[in-house]
Amino acid sequence: MKNGLVLEGGAMRGLFSAGIMDVMMENGITFDGVIGVSAGAAFGCNYKSRQPGRAIRYNKRFAKDKRYCSMQSFLRTGDLFGAEYAYHIVPNEYDIFDNETYEQNPLEFWLVCTDVETGQPVYKRCEKGGDVTFDWVRASASMPVVSKVVELEGYKLLDGGITDSIPLKAFQREGFERNIVILTQPLGYEKKPSRFLPIIRMSLRKYPRVVEAMAMRHLMYNEELAYVEQEVRRGTTMAIYPDKPLPIGHISHDPAEMQHVYDIGREMGERKLEEMKNFLHIK
């Protein structure tokens, strides 16, 4: 039986997940595979490279760097998060991603993107480290309107959360039968239709199928939440979520705010540590 870790996105809410993952790594919790969406992909790849602390470290370090994330970056390049700076210069020069460990670790790392031409999810297993995987992570985390469409390996891609926000069912299809799912919204959360849909329709008017997917996203998300709850009742899944809404927006330039959300995740990871070990049959 393969054990998996499923990570939803949520932009800076993903630092909650990063805190939990760091507790897991520090306590020797291993998985056969990790699948991440958007921020879940951006932070989850550090599980395969075995780099606890990296996600919170570089986000705090570059929180106020306009090359990393800023309206200036968006106006100049079309990407709120600088495509070259955030996804290539930072991991290759400033907070170096351990490509060697990533490739040697047998853990499977998967991520989810959205094909804007078909309006369907794309599931990618990233086996090699380096710039190609960094671009797949960028595509998975490219939020509509504030990101350019990423052209990669024959696809035109945006944020995976548009079409599969909580890819538990997809991971089960890949043979991961026992999964821990980390959510970034509290129990009982219900997604509503996006109030930005008119802007999305204008921004992505060349891609009507992805606009349709965005219009239906709240339904997809709520159905996936219900499926997670079903699998928890069946005993195949353990779900971890914050006790209350996380005190951070999609974007933050405040290192203290980031640290606070990360610390909430760490506290949750420590609280759930024995339960996770028991669920995964780790002694």
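What residue among Trp136, Val90, His253 has its Cα farthest toward the positive end of the dipole of the chain, where the charges are +1 on Lys, Arg and -1 on Asp, Glu, each on the Cβ? Selected residue: His253.
Any number yet on Rg/Rh for segment 106-263, C-alpha, Kirkwood? Don't skip to the answer; put the middle values down first.
Values: Rg = 16.4 Å, Rh = 17.0 Å.
Rg/Rh for segment 106-263 comes to 0.96.
The stretch between Asp263 and Arg50, if pulled fully straight at 0.36 nm per residue, gains 74.8 nm over its current Cα-Cα span. Per-atom-type breakdown for the chain gives carbon and sulfur 50% of the accessible area (1.4 Å probe, protein chains only).
Order 160-171, 228-239, 59-70 from most to least packed using the mean count of other Cβ atoms within 10 Å.
Details: 160-171: 24.8, 228-239: 14.9, 59-70: 18.1.
By packing density, highest mean first, the sequence is 160-171, 59-70, 228-239.
Pairs of Cα atoms nearer than 8 Å and 6+ residues apart set the relative contact order; for segment 204-283 it is 17 percent.
Which of rounded, prolate or oblate describes segment 182-283 when judged by the alpha-carbon gyration tensor and an a/c cut-off of 1.5? It is oblate, given that a/c is not under 1.5 and a/b is not larger than b/c. Measuring between their Cα centroids, segment 1-52 and segment 208-229 lie 23 Å from each other. Here the relative contact order of the chain, from alpha carbon pairs under 8 Å that lie six or more residues apart, stands at 28 percent.
Tally Lys and Arg at +1 and Asp and Glu at -1 over the other residues with C-beta under 12 Å from the C-beta of Lys283: what net charge comes out? Once positives and negatives cancel, what remains is 0.
Can you tell me how much longer the chain between Ile199 and Ile96 gets when fully stretched, taken as 0.36 nm per residue apart minus their C-alpha distance, in nm with one decimal? Don't jump to the answer; show the numbers that get you there.
Values: separation 103, 0.36 × 103 = 37.08 nm, distance 3.64 nm.
Here the answer is 33.4 nm.
Take each peptide in 8-20, 202-214, count the other Cβ atoms within 10 Å of every residue, and average; sorted highest first, the result is 8-20, 202-214.
For every helix of n ≥ 4 consecutive DSSP H residues, a contribution of -39,500 (n - 2.57) applies; sum these over the chain, divide by its total residues, and give [θ] at 222 nm rounded to the nearest 500 deg cm²/dmol.
Values: 12 runs with 118 residues, N = 283.
Calculated mean residue ellipticity at 222 nm is -12000 deg cm²/dmol.
In the context of the full set of protein chains, residues of segment 127-269 present 50 Å² of accessible surface per residue (probe radius 1.4 Å, heavy atoms only).
Using a Förster radius of 35 Å, what is the FRET efficiency between Glu275 and Arg57 based on their Cβ-Cβ separation? Nearest 0.05, please. Before the final figure, lay out each step's value.
Details: r = 27 Å, r/R0 = 0.78.
So, using R0 = 35 Å, E works out to roughly 0.80.
How much length, in nm to one decimal, is gained on full extension between Leu75 and Leu187, taken as 0.36 nm per residue of separation minus their Cα-Cα distance? Mind dumping the intermediate values first?
Numbers: separation 112, 0.36 × 112 = 40.32 nm, distance 3.68 nm.
The Leu75-Leu187 span can extend by a further 36.6 nm.
Which whole-number percent of Cα pairs in the chain have a distance greater than 35 Å?
Numbers: 3847 of 39903 pairs.
Roughly 10 percent, once rounded to a whole number.
Each residue, Ile89 and Arg125, gets one label point 7 Å from its Cα in the Cβ direction; the gap between the two is 3.5 nm.
The values are calculated or read from the model by the stated rules, or taken from the named source; none is laboratory data. Since we're looking at a predicted model, the values are computed, not measured. All Cβ positions, glycine included, derive from the backbone under ideal geometry; neighbour counts span all protein chains shown. All accessible areas refer to the heavy atoms of the entire protein, side chains included, with ligands and DNA or RNA removed. Shrake-Rupley method; radii C 1.70, N 1.55, O 1.52, S 1.80 Å.
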